[in-house]
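Step one of this worksheet: look at the structure below.
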Amino acid sequence: NTLNWEKEMDDHFINAIIGYTAQKDNIAIKQVNADNFPDDLVTTISGGQVFAGNSVQEQWTLASSLFRLNYSYKDKYLFTGTIRSDRSSRFGADNQTGYFPSFSAGWRVNEESFLQSVDAISELKLRFSWGETGNFEIPNYGAIGLLSPDNYNLVGNEVNGLIQSTIPNPDLTWEKSQQMNVGLELGLFSNRVFLLADYYTTTTSDLLLNVSISSVSGFQTTLRNLGEVENKGFELALSTKNFVGDFSWETDMNFSTNKNEVLSLNESNEPIFSSGSAGVRHVTRVGDPIGSYYGYVVDGIYQSQAEIDSAPTDTQAPNAAPGDFRFKDINDDGEITPDDRTVTGSYFPDFTWGVNNRFRYKNVDFSFLIQGVEGNEILNLTARHMKNGEANFNSYAIFNERWRSVSEPGNGNIPRADRSSGNHGNNNRPSSFQVEDGSFIRLRNVTLGYSVPTKNLLGNSIDRLRFYITGTNLFTITDYLGYNPEVSNISTNALTPGEDYGAYPLSRSFTMGVNLTF
């Protein structure tokens, strides 16, 4: 239900909205499995031997209410205030409701008398906003300890039973994000040049995270509200109309930065170590980005036995030899131990950018979009097999530049080939060697079109007829060894981003089509 009220008087305009919504979803999944089909003529369950079944039924609800007030004075001073409440069945019984206020203010400076005579400025607006939002994207019954079917051995016989599969958390509640934004809108020369610039900070608290716990508890993870994370950065967007007329050219450009930092975790700020696709290779700790890569830091390649003897003792290398990796002694205790594992990179880029150009000459149009990402890193877990030097899989071509001898040291970054590296230098341990630069420039889209003049076409019954051909993902410039630098193998866990464990390559496609409007 929504109630909308507004009033306009002289130079003032006020609009108020009160709304209430409720959402309820029921999810039911029933499954029966069968095998031993005698042939492929009968494809229904009855054609085989039923050996298992499963039935799942879930329900969740969300109730929301909203009050919003808009105020404008002479279309020059603008204000919007909002408060909303949301109640979700997914949280603990006493923590289901969250309250989320926000407000924004704007000043259209170009409407002031001291800028009326400046013809070059067609729009100049300053704005400020602050607001809070909530996140409830967790499994249904996430706060409740659930039971799952399992089998027990009772006097030598297998019997059906139940086990507790999740840990209850009645204190589980909303994850909250507070964002502050300062922005500028500038239009020049009748908006032929238009600039948007924003600086933002977002602080997210009570994060909903699946946190690893001691196996002594009988569980691997538990769902908790934990910690505080900050994101801050700049966003710039520039639109220009370079040419107008029979030949037109328009350009859109964007540039953005984001710095992610963990501000706090649990009471003692102990790091959270997370398992992804190949063991513990991520850490979330105060002062670093969430889900940073975790491993040993490669510090060059041993060139001689004397160099090995003078280096800190590597307790993880049973019998290192020239050509093996030298690893950093992070804590300066004179030994390379598991305590020397540290942050080796992050999935968060330094900045992203994009450029889109659109050209038109009479009935011909042409456009292309280029996208770029700089400074992000990928945890290439495929490198565990294709960059390990053990020859138990096919290898990346970079191993042609490996260390062979003192006189043939290769490029200085690739260790020697060693069929039994685990018994020698242990070069394949989790390390910065498997963390690769994921920066790229990609030609995302190219389109060429032709619009047929429709005057007197089929008795003027056709308004528009356009033929076009489009190519997407035509080429990518990157130093990353995998198929696609835009990869994150486990997208469901915020604590293990950026993994590539044989992800499918991005496809290149070509499309021919017709737009027809009657």
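The values are calculated or read from the model by the stated rules, or taken from the named source; none is laboratory data. The shown structure was predicted, so the numbers you read here are calculated from the model rather than taken from an experiment. Cβ coordinates were reconstructed from backbone atoms using ideal geometry, including for glycine residues, and neighbour counts include every protein chain displayed. Note: accessible area is taken over every heavy atom of the protein model, side chains too, but ligands, DNA and RNA are not part of it. Shrake-Rupley method; radii C 1.70, N 1.55, O 1.52, S 1.80 Å.
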Probe 1.4 Å, all chains present, heavy atoms only: HIS424 accessible area in Å², nearest 10, is 50 Å²
For the range 402-448, convex hull of alpha carbons as volume per residue, Å³: 145 Å³
Give me the Å³ per residue figure for the convex hull around the C-alpha atoms of the range 56-162. 151 Å³
In the chain, if the dipole is taken from +1 on Lys/Arg beta carbons and -1 on Asp/Glu beta carbons about the Cα centre, which of ASN4, SER215, GLN305 is farthest to the positive end? ASN4
Solvent-accessible area of TRP130 with every protein chain in place, 1.4 Å probe, in Å² to the nearest 10: 80 Å²
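Please give the calculated 222 nm ellipticity per residue for the chain, where each DSSP H segment of at least 4 residues contributes -39500 (n - 2.57) and the sum is spread over every residue; nearest 500 deg cm²/dmol? All intermediate terms of the calculation are to be shown ahead of the outcome.
On the way: 2 runs with 10 residues, N = 518.
Rounded to the nearest 500, it is -500 deg cm²/dmol.
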With a 1.4 Å probe and all protein chains in place, put LEU443, LEU195 in order of accessible area, largest first. LEU195, LEU443
What does the accessible area of SER117 come to, in Å² to the nearest 10, when a probe of 1.4 Å is used? 90 Å²
Inter-label distance, nm, simple model (7 Å from Cα along the C-beta direction), LYS232/MET180: 0.8 nm
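Take the solvent-accessible surface of the protein heavy atoms, probe 1.4 Å, and return the percent of it on the chain that carbon and sulfur atoms account for.
Details: 15490 of 29220 Å².
With neighbouring chains kept in place, the figure for the chain is 53 percent.
Suppose all protein chains stay in the model; what accessible area per residue would a 1.4 Å probe give for the range 415-486, in Å²?
Values: 3560 Å² over 72 residues.
Ligands and nucleic acids excluded, the result is 49 Å² per residue.
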Going toward the positive end of the dipole of the chain, with +1 on Lys and Arg Cβ and -1 on Asp and Glu Cβ, which of ALA417, PRO453, MET386 do you reach last? PRO453
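When Lys and Arg each count +1 and Asp and Glu each count -1, what net charge do the other residues less than 15 Å away from GLY98, Cβ to Cβ, add up to?
Values: positive: ARG84, ARG87, ARG90, LYS176; negative: ASP86, ASP94, GLU132, GLU137, ASP171, GLU175, ASP206.
Around GLY98, the surrounding residues sum to -3.
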Accessible area in the full protein assembly, largest first, 1.4 Å probe, for ILE14, ILE330, ILE414: ILE330, ILE14, ILE414
Take the range 109-215, compute every pairwise Cα distance, and split them into 5 Å bins from 0; I just need the percent in each bin. 2, 9, 11, 10, 9, 8, 8, 7, 6, 6, 5, 5, 4, 3, 2, 2, 1, 1, 0, 0
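Can you give the convex hull volume per residue for the Cα atoms of the chain, as a whole number of Å³?
Details: hull volume 158.0 nm³, N = 518.
Cα-based convex hull of the chain, divided per residue, equals 305 Å³.
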Using alpha carbon centroids, what distance separates the range 158-233 and the range 300-331, in Å? 41 Å
Taking only protein heavy atoms into account and a 1.4 Å probe, give the accessible area per residue of the range 114-226 in Å². 59 Å²
Pairs from LYS259/LYS387; LYS232/LYS328; LYS24/LYS259; LYS74/LYS176; LYS125/LYS232 whose Cα-Cα separation, in the structure shown, is over 26 Å: LYS259/LYS387; LYS232/LYS328; LYS24/LYS259; LYS74/LYS176
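Write down Rg/Rh for the range 224-281, rounded to two decimals, with Rg from the C-alpha atoms and Rh from the Kirkwood relation over Cα pairs.
Working: Rg = 22.0 Å, Rh = 16.0 Å.
That ratio equals 1.37.
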